[in-house]
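The values are calculated or read from the model by the stated rules, or taken from the named source; none is laboratory data. The shown structure was predicted, so the numbers you read here are calculated from the model rather than taken from an experiment. Here the Cβ positions follow ideal geometry from the backbone for every residue, glycine too, while neighbour counts run over all protein chains shown. Remember, those area values only see protein heavy atoms, side chains included, never the ligands or the DNA or RNA. Shrake-Rupley method; radii C 1.70, N 1.55, O 1.52, S 1.80 Å.
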Amino acid sequence: MRQKLRVAAYAVCVRDGQLLLARSPAAGGGHEWVLPGGGLDHGEHPNDAVVRELEEETGYHVEVTGLLGVDTTHHVLPWRHRRKVDHHGVRIVYEARIVGGELRNEIGGSTDMAAWHPLDDVPHLPRVRLIDVALRLWRERPAAGRVERVPE
């Protein structure tokens, strides 16, 4: 079985009671909302990665204002030639604030739209589980930087 580790950094940006999200194609068709952010380049610090990814996906320049916590995923998935891949994801969640730039959609990337959503509307959006985890980290600010897993 092939093992794969992916490390990514994401940001919770809340302004005037709204959360900044990006839209991504969903497995099986349609779209789902995701936190802006993504995978680290080899040798890149997670703080630098989240700043880069937010600019790529939303057009905004951000300042990281805090480390909220870490979330992990672990799945065994089908791969090539009837083999499987043991995938372990480590997701670092920061808090960030907008310091410049203008909202725009990403072109030719992993997302196709960026938008602000009222916090009260987020539970009703088609979204990835990480958004719920990140909002709990943002609201609860656990000292250990971890919240119990939200059922999928």
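Odds and ends about this structure:
- L54 within 20 Å of R129 (Cα to Cα), open to solvent by 20 Å² or more (accessible area, probe 1.4 Å) and not acidic (D, E): no
- Answer from V99, V93 - the residue that is without any contact (Cβ under 8 Å) to a residue 40 or more places away in the chain and in a strand (DSSP E or B): V99
- Answer from L20, L67, L35 - the residue that is under 18 Å from L135 (Cα atoms) and touching a Cys at 6+ places or on another chain (Cβ under 8 Å): L20
- Subset tally (residues that are open to solvent by less than 70 Å² (accessible area, probe 1.4 Å) and either basic (K, R) or farther than 19 Å from P142 by Cβ (or both)) for segment 60-104: 10
Rundown of residues vs (1) part of a strand (DSSP E or B); (2) under 21 Å from P123 (Cα atoms), yes/no style:
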{"position": "A8", "(1), (2)": "yes, no"}
{"position": "E32", "(1), (2)": "yes, yes"}
{"position": "G38", "(1), (2)": "yes, no"}
{"position": "H42", "(1), (2)": "no, no"}
{"position": "A49", "(1), (2)": "no, no"}
{"position": "E55", "(1), (2)": "no, no"}
{"position": "T65", "(1), (2)": "yes, no"}
{"position": "H87", "(1), (2)": "yes, no"}
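- Single unsatisfied condition, G43 versus (1) in contact with a Ser or Thr (Cβ under 6 Å, 6 or more places away or on another chain); (2) of a type outside the set (K, R); (3) at pLDDT 95 or above: (1)
- Restricting attention to segment 106-131, the residues that are open to solvent by 40 Å² or more (accessible area, probe 1.4 Å), under 17 Å from Q18 (Cβ atoms) and not in a strand (DSSP E or B) add up to 4.
- The test for being modelled with pLDDT of 95 or more, under 15 Å from T58 (Cβ atoms) and surrounded by 12 or more Cβ atoms within 10 Å (Cβ to Cβ) does not hold for W138.
- Of all residues in segment 34-51 being hydrophobic (A, V, I, L, M, F, W, C) and closer than 13 Å to V12 by Cα, the one that is most open to solvent (accessible area, probe 1.4 Å): V51
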